[in-house]
Amino acid sequence: MARTPFGDGDPIIREDEYRLLRDLVSARIGINLASTSRQSVARRLRERLSVLNLASFTEYFQYLRFHPLARHEWEEAVELLTTNETYFFREDFQLRAFSDEILPMLHERNKARKRLFIWSAGCATGEEVYSIAILVDQSKLFSGWDVRIFGSDISRRCVATARRGVYGPASFRATPPDLRRQYFVERADGSHILDSIKPLCHFGQMNLLDEDKARILGRVDVVFCRNVLIYFDAHVRRRVIDIFHDRLYPGGVLLLGHSESLLNVSTAFELLHLKEDLVYKKPTLAQSSAMANRS
Ligand SMILES: C[S@@+](CC[C@H](N)C(=O)[O-])C[C@H]1O[C@@H](n2cnc3c(N)ncnc32)[C@H](O)[C@@H]1O
């Protein structure tokens with residue numbers, strides 16, 4: 001039977017153990033635990049110590065670093081340390097800007113090759129990906145095009161839920177009722193995304209710090225990375241933004257969450273002023289060489 005290292009009270013994690021764990025988590029998955037209290041992290045991970053029969057957080061730290069099964073344990077830790085809150089049509093003013101201004105712009109730019117690739121980085125359970133797919137469908141600009149919306153998340157469970165495409169009431173808190181009626185089929189186990197939308201959406205488990213995996217994704221026209229960077233350390237944000245910059249086509253667009261910005265993170269993007277929002281644009285090749293000539 002598993003040893004239980006703690007009594008009935010709160011689990012104990014010493015300051016030095018917490019610091020080690022924080023650094024390890026930041027290096028591996030980018031998440032900055034500083035904003036979470038020491039005891040809250042201990043409470044979240046407590047069950048793992050019991051399952052693994054470990055007596056202290058020092059032992060857990062060593063397990064995550066050196067154990068042959070550490071890879072599997074990281075998957076478990078990720079589920080306990082990430083915040084996966086999301087819902088359809090979140091931050092609707094930005095999605096309006098996407099529909100009204102960004103999609104027509106991309107239609108114009110890509111009409112020769114008829115291809116539209118979008119990446120939702122940190123898509124949680126997939127609501128963002130399906131919202132984007134619905135807006136692309138609603139625009140009626142891309143029929144006959146190769147449209148792909150890639151959703152990636154570090155959480156295996158989230159990706160499995162996203163692939164299934166079946167949702168409960170909480171996911172619809174901001175969904176216009178007519179879109180819900182049009183794009184979901186109500187069944188006993190929840191609301192199923194329409195079969196015609198599913199093929200546009202592709203999901204994969206990916207750590208945003210994994211540059212090689214991001215490269216496999218190829219180049220994209222738009223990156224949505226909303227409500228993800230807020231959980232990262234400054235140096236991790238920079239690393240992830242560099243990856244987005246590398247993966248975007250010149251002229252491609254980056255959309256962050258409303259409380260996130262590139263201030264003190266990157267100067268590689270220019271601001272694109274839309275009617276309802278400010279988003280970031282990777283300079284076109286002509287703009288990049290003009291900037292290089294000026295400097
Ligand atoms: C709050 S959710 C945001 C979901 C969606 N983008 C939205 O705005 O509704 C943040 C997601 O980022 C994911 N995440 C955190 N660290 C990550 C990493 N290093 N790589 C990939 N995904 C990560 C979490 O698993 C979580 O599902």
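Can you confirm whether GLY251 is of a type outside the set (Lys, Arg), open to solvent by less than 10 Å² (accessible area, probe 1.4 Å), in contact with an Asp or Glu (Cβ under 9 Å, 6 or more places away or on another chain) and more than 15 Å from the ligand (Cβ to nearest atom)?
Working: of a type outside the set (Lys, Arg): yes; open to solvent by less than 10 Å² (accessible area, probe 1.4 Å): yes; in contact with an Asp or Glu (Cβ under 9 Å, 6 or more places away or on another chain): yes; more than 15 Å from the ligand (Cβ to nearest atom): yes.
So GLY251 passes the test.
Can you go through VAL253, VAL279, VAL228 and tell me which one is touching a residue at least 40 places away in the same chain (Cβ under 8 Å), in the same structural domain as LEU106 (by TED's automatic domain parsing), in contact with a Gly (Cβ under 7 Å, 6 or more places away or on another chain) and of a type in the set (A, V, I, L, M)?
VAL228
Suppose we filter segment 71-90 for residues that are surrounded by fewer than 17 Cβ atoms within 10 Å (Cβ to Cβ) and within 10 Å of the ligand (Cβ to nearest atom); how many remain? Lay out the reasoning, then the answer.
Let us first name the residues in segment 71-90 that are surrounded by fewer than 17 Cβ atoms within 10 Å (Cβ to Cβ), namely 71-73, 75-76, 79-80, 83-85.
Filter once more, keeping what is within 10 Å of the ligand (Cβ to nearest atom): 79, 83-85.
Within segment 71-90, residues that are surrounded by fewer than 17 Cβ atoms within 10 Å (Cβ to Cβ) and within 10 Å of the ligand (Cβ to nearest atom) number 4.
Out of the residues in segment 192-231 meeting the condition of being more than 16 Å from the ligand (Cβ to nearest atom), open to solvent by 10 Å² or more (accessible area, probe 1.4 Å) and of a type in the set (A, V, I, L, M, F, W, C), tell me which one is farthest from HIS107 (Cα to Cα).
Only one residue tops the list, namely LEU194.
Of all residues in segment 33-48, which are open to solvent by 30 Å² or more (accessible area, probe 1.4 Å), under 18 Å from TYR60 (Cα atoms) and within 15 Å of the ligand (Cβ to nearest atom)?
Once the filter is applied, which keeps residues that are open to solvent by 30 Å² or more (accessible area, probe 1.4 Å), under 18 Å from TYR60 (Cα atoms) and within 15 Å of the ligand (Cβ to nearest atom), segment 33-48 yields only ARG44.
If the requirement is being open to solvent by 30 Å² or more (accessible area, probe 1.4 Å), under 16 Å from GLY257 (Cα atoms) and assigned by TED's automatic domain parsing to the domain that holds PHE224, which of these qualifies: ARG109, ARG148, ARG96, ARG115?
Numbers: ARG109 fails: under 16 Å from GLY257 (Cα atoms); ARG148 fails: under 16 Å from GLY257 (Cα atoms); ARG115 fails: under 16 Å from GLY257 (Cα atoms).
Among ARG109, ARG148, ARG96, ARG115, only ARG96 is open to solvent by 30 Å² or more (accessible area, probe 1.4 Å), under 16 Å from GLY257 (Cα atoms) and assigned by TED's automatic domain parsing to the domain that holds PHE224.
What's the number of the condition ALA234 fails, among (1) modelled with pLDDT of 95 or more; (2) open to solvent by 50 Å² or more (accessible area, probe 1.4 Å)?
ALA234 satisfies all of (1) modelled with pLDDT of 95 or more; (2) open to solvent by 50 Å² or more (accessible area, probe 1.4 Å) except (1).
Are any of the residues in segment 173-191 in contact (Cβ under 8 Å) with a residue 40 or more places away in the chain and within 12 Å of the ligand (Cβ to nearest atom)?
Yes, some residue in segment 173-191 is in contact (Cβ under 8 Å) with a residue 40 or more places away in the chain and within 12 Å of the ligand (Cβ to nearest atom).
Looking for whichever is in contact with an Asp or Glu (Cβ under 7 Å, 6 or more places away or on another chain), of a type in the set (Val, Ile, Thr) and not in a strand (DSSP E or B) here; the options are ILE243, ILE216. Which one fits? Don't jump to the end; show me each part of the working.
Working: ILE216 fails: in contact with an Asp or Glu (Cβ under 7 Å, 6 or more places away or on another chain).
Criteria check complete, one pass: ILE243.
May I ask you to verify whether LEU103 is touching a Ser or Thr at 6+ places or on another chain (Cβ under 7 Å), touching a residue at least 24 places away in the same chain (Cβ under 8 Å) and away from the ligand (no atom under 16 Å from the Cβ)?
On the way: touching a Ser or Thr at 6+ places or on another chain (Cβ under 7 Å): yes; touching a residue at least 24 places away in the same chain (Cβ under 8 Å): yes; away from the ligand (no atom under 16 Å from the Cβ): yes.
Yes, satisfied.
The values are calculated or read from the model by the stated rules, or taken from the named source; none is laboratory data. Being a predicted model, the structure only gives us computed values, none of them experimental. Glycine gets a Cβ as well: all are built from the backbone with ideal geometry, and neighbour counts include every protein chain shown. Just so you know, the surface numbers come from the protein's heavy atoms only, side chains and all, with ligands and any DNA or RNA stripped out. Shrake-Rupley method; radii C 1.70, N 1.55, O 1.52, S 1.80 Å.
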